[in-house]
Every structure is written in structure tokens, then in C-alpha cells.
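Following: one structure in C-alpha cells, then a few remarks.
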Amino acid sequence: MKDALDSLKKAIEEGHAKDAATAVQAALETGAVPGDILQDVMVPAMDEVGRRYDCGDYFLPEMLISARAMKAALAILRPLLVATDVKPAGTVVAGTVKGDLHDIGKNLVCMMLEGAGFEVRDLGVDVSPEKFVDAVRGGGVNLVALSALLTTTLPNMKVTIEQLKAAGLRDKVGVMVGGAPVNDKLAAEIGADGYAEDAAGAVALARRLVHDPG
């Protein structure tokens, strides 16, 4: 079992999707518990990927292929996690705001969050404030992650937060924002709870907001 788990960690860290899928299957066949595979192997592997990115050993492409390897393993594991009632670290509704069609950064954040044990409901791109509100209204959501790459679409982040307030839902969720033109100052001005510069930062922020929403 240890060999399979070590192989899984290495496959995720080095971005080998097929090897990751094979290793998770092998680990399950040798009796590894799905929740333990996620928490003890996959989450630490993605944390290591984030650490390598932070210290400049990894760049965006490496991070992306590692996230894809994790996703391949998670696709096998997820039905078993649901069946064994393993609870996610939190539930995130994510999307690129209305008028903006950029999704590479948002997709990477979603994959990194999944790798950290979060359930992610990805609404896609060009997402209206109403759609974000409806997703939160559906229940069970801890965080809303708003992405924008175009300066012209930044106002839609604020409109989304204002509509969450108007619907009486703002106090029920943490709101995190990101994207090239976004910064801490803007996040504070529009009433978000936090800003993440990159996908690794988004994971750290999401963990903090889930544990300390205020």
C-alpha cells in the first residue's frame, strides 16, 4: 500500500496524470481508505506543488499539469468519498464575472482548491451576479470566488457582492477575489473578504476564510 501511496504523491507532484490514476487505483485495491488517500497523500502533494511555485521552483505550466494529475486521481476517488460520507473542507462557488471570458487562472484555482479537499462548483465564465446569488441561495456554500482579468469587468465584482447583500446572503459566505487587475486595496473597496494573487494563495485564503469567516 505504501508503494502505491508514495507513487501517487510523486505522480501528482511531478504532473503525471495517468500514473496518478493508476496509483490511486492500486492504493484502493490494497485497502487504502479513500478519505485517508485524499487527506494524507493528495492534499499534501498539492501543498508541496504550491510551495514549489511560491519559491520559484515551479511555474504556471508545472502547477497546471500537477493540478491535472490530481484531478485524474480525484475523478476515481470522488464517488468513493461521497459513498463513505467524507465531508469536503468547504464548498466554493467560483466563476469569472459577467463580461469576462478568461478562464485559465480561474480553472487553475478551481483545480488547486479541489486538490486541497474543497468541493468546487464552477459556474464558468461571463457569470452574471444573479447566477452567483442563485448558486449561494441553493445552500451549502461557504465561499464565493470571483475572477476577472479585464479592468472593464471589475465593477461586476462589486455588483455581485452588492447583490449577495441585497439577497441577505452576504453574511453567510466568504468572498474571495482574484485576477491580474485585482489587488488587496480593490478587494477591500468592493467589500470582499480577501484577495489571492495566485492559485496557491487562493488555497491558503480559502482555508483561512472557512475557519474564520469574519
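The values are calculated or read from the model by the stated rules, or taken from the named source; none is laboratory data. Given the structure is predicted, the values throughout are model-derived calculations rather than measurements. Cβ coordinates were reconstructed from backbone atoms using ideal geometry, including for glycine residues, and neighbour counts include every protein chain displayed. These area figures cover heavy atoms from the full protein model, side chains too; ligands, DNA and RNA do not enter into them. Shrake-Rupley method; radii C 1.70, N 1.55, O 1.52, S 1.80 Å.
Data overview
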item	result
Odd one out for residue 158, checked against (1) more than 18 Å from residue 112 (Cα to Cα); (2) at pLDDT below 95; (3) charged (D, E, K, R)	(2)
Index of the failed condition, residue 56 passing every other in (1) assigned to a helix (DSSP H, G or I); (2) open to solvent by 20 Å² or more (accessible area, probe 1.4 Å); (3) not basic (Lys, Arg)	(1)
Residue within segment 142-156 that is surrounded by fewer than 18 Cβ atoms within 10 Å (Cβ to Cβ), farther than 30 Å from residue 76 by Cβ and touching a helix residue (DSSP H, G or I) at 6+ places or on another chain (Cβ under 9 Å) present	yes
Residue 27 buried (at least 17 other Cβ atoms within 10 Å of the Cβ), out of contact with any Ser or Thr (no Cβ under 6 Å at 6 or more places or on another chain) and modelled with pLDDT of 95 or more	yes
Flag for residue 95 being out of contact with any His (no Cβ under 8 Å at 6 or more places or on another chain), open to solvent by less than 60 Å² (accessible area, probe 1.4 Å) and within 15 Å of residue 175 (Cβ to Cβ)	yes
Per-region count, segment 158-214, residues open to solvent by 30 Å² or more (accessible area, probe 1.4 Å), closer than 18 Å to residue 131 by Cα and of a type in the set (A, V, I, L, M)	3
Flag for residue 86 being touching a helix residue (DSSP H, G or I) at 6+ places or on another chain (Cβ under 6 Å), touching a residue at least 12 places away in the same chain (Cβ under 8 Å) and surrounded by 19 or more Cβ atoms within 10 Å (Cβ to Cβ)	no
Spans of helices (runs of 4 or more DSSP H) in segment 100-171 with at least 2 residues farther than 27 Å from residue 34 by Cα and among the polar types (S, T, N, Q)	155-166
Which listed residue, of 3, 19, 36, 40, is surrounded by 17 or more Cβ atoms within 10 Å (Cβ to Cβ), part of a helix (DSSP H, G or I) and acidic (Asp, Glu)	19
Residue in segment 111-120 that is touching a residue at least 24 places away in the same chain (Cβ under 8 Å), open to solvent by 60 Å² or more (accessible area, probe 1.4 Å) and not β-branched (Val, Ile, Thr) present	yes
Condition met for residue 82 (modelled with pLDDT under 95, farther than 20 Å from residue 146 by Cβ, outside any helix (DSSP H, G or I) and out of contact with any strand residue (DSSP E or B) (no Cβ under 9 Å at 6 or more places or on another chain))	no
